Amino acid sequence: MDSGSSAAVLPVSIYLDVDGVVNPFSPTGTTDWGNKWTIADAGILDVAFAPEVVNELNDLADHPAARFVWLTTWERLAPEFLCPAIGLNGQDWPVLSSQGWDQGAEWWKLVALQKDVAATGIDRIAWLDDQLSQESDARSWAEYQQDRVLCISPDPRKGLSRSDLAAVRAYLG
């Protein structure tokens with residue numbers, strides 16, 4: 001093998017929630033970067049966010065292995081309203097919907113994610129959702145997948161941290 005060639009980059013779907021992840025619930029104090037929370041009018045409501053999280057997500061989205069997907073109750077409102085309000089370059093990311101998946105006993109996000117994984121054939125995923133720590137079926141499914149799934153369940157009052165984003169970057173390779 002030529003020492004100048006680079007190894008193939010395996011794609012990773014990164015499923016991103018909004019509330020409690022990018023937009024913490026009633027945040028207090030400072031961000032994980034030591035700054036005050038920034039408040040933006042997202043057209044339908046005000047959102048709090050750390051600009052450093054947005055910058056890091058934008059940078060991660062440029063990674064050749066990254067495929068970002070919206071998996072949030074915001075659904076199409078995330079790319080339409082949230083992205084322009086906070087400067088997140090996620091307007092063209094696919095959006096998974098709860099429609100048709102929110103009637104059963106299972107968490108609609110797990111069902112929608114599993115369907116997307118099956119449809120795309122993606123072998124590795126990162127799932128960023130503050131509710132993951134509360135959803136036993138999702139945790140069990142992820143544990144069964146072993147190292148194919150990176151789950152990050154941030155504190156919903158703080159959202160994504162530096163270490164969370166570093167873990168995603170390391171997982172991307």
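The table below lists the values:
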read-out	value
Subset of segment 16-30 (residues that are out of contact with any Asp or Glu (no Cβ under 6 Å at 6 or more places or on another chain) and touching a residue at least 24 places away in the same chain (Cβ under 8 Å))	16, 18, 19, 22, 23, 24, 25, 26, 27, 28
Flag for residue 116 being under 13 Å from residue 15 (Cβ atoms) and assigned to a loop (DSSP other than H, G, I, E, B)	no
Failed item, numbered, when residue 100 is tested on (1) of a type in the set (Gly, Ala, Ser); (2) closer than 26 Å to residue 140 by Cβ; (3) at pLDDT 95 or above; (4) over 17 Å from the mean Cα position of the chain (by Cα)	(3)
Flag if residue 84 is within 23 Å of residue 167 (Cα to Cα) and surrounded by fewer than 16 Cβ atoms within 10 Å (Cβ to Cβ)	no
Answer residue from segment 115-173, given it is over 27 Å from residue 25 (Cα atoms) and among the basic types (Lys, Arg) and is most open to solvent (accessible area, probe 1.4 Å) among those	115
Every pair of residues 6+ apart whose Cβ atoms lie under 9 Å, when the first sits in segment 49-60 and is within 12 Å of residue 86 (Cβ to Cβ) while the second is open to solvent by 50 Å² or more (accessible area, probe 1.4 Å) and among the aliphatic types (A, V, I, L, M)	49/39
Positions within segment 67-81 being buried (at least 20 other Cβ atoms within 10 Å of the Cβ) and either under 13 Å from residue 169 (Cβ atoms) or among the hydroxyl-bearing types (Ser, Thr, Tyr) (or both), in sequence order	72
Residue tally, condition open to solvent by less than 20 Å² (accessible area, probe 1.4 Å) and either out of contact with any helix residue (DSSP H, G or I) (no Cβ under 6 Å at 6 or more places or on another chain) or modelled with pLDDT under 90 (or both), over segment 23-59	8
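The values are calculated or read from the model by the stated rules, or taken from the named source; none is laboratory data. None of the values given here were measured: they were computed from a predicted structure. Please note: Cβ atoms are built from the backbone with ideal geometry, for glycine as well, and neighbour counts cover all protein chains shown. We work out accessible area using only protein heavy atoms, side chains counted, and drop any ligands, DNA or RNA first. Shrake-Rupley method; radii C 1.70, N 1.55, O 1.52, S 1.80 Å.
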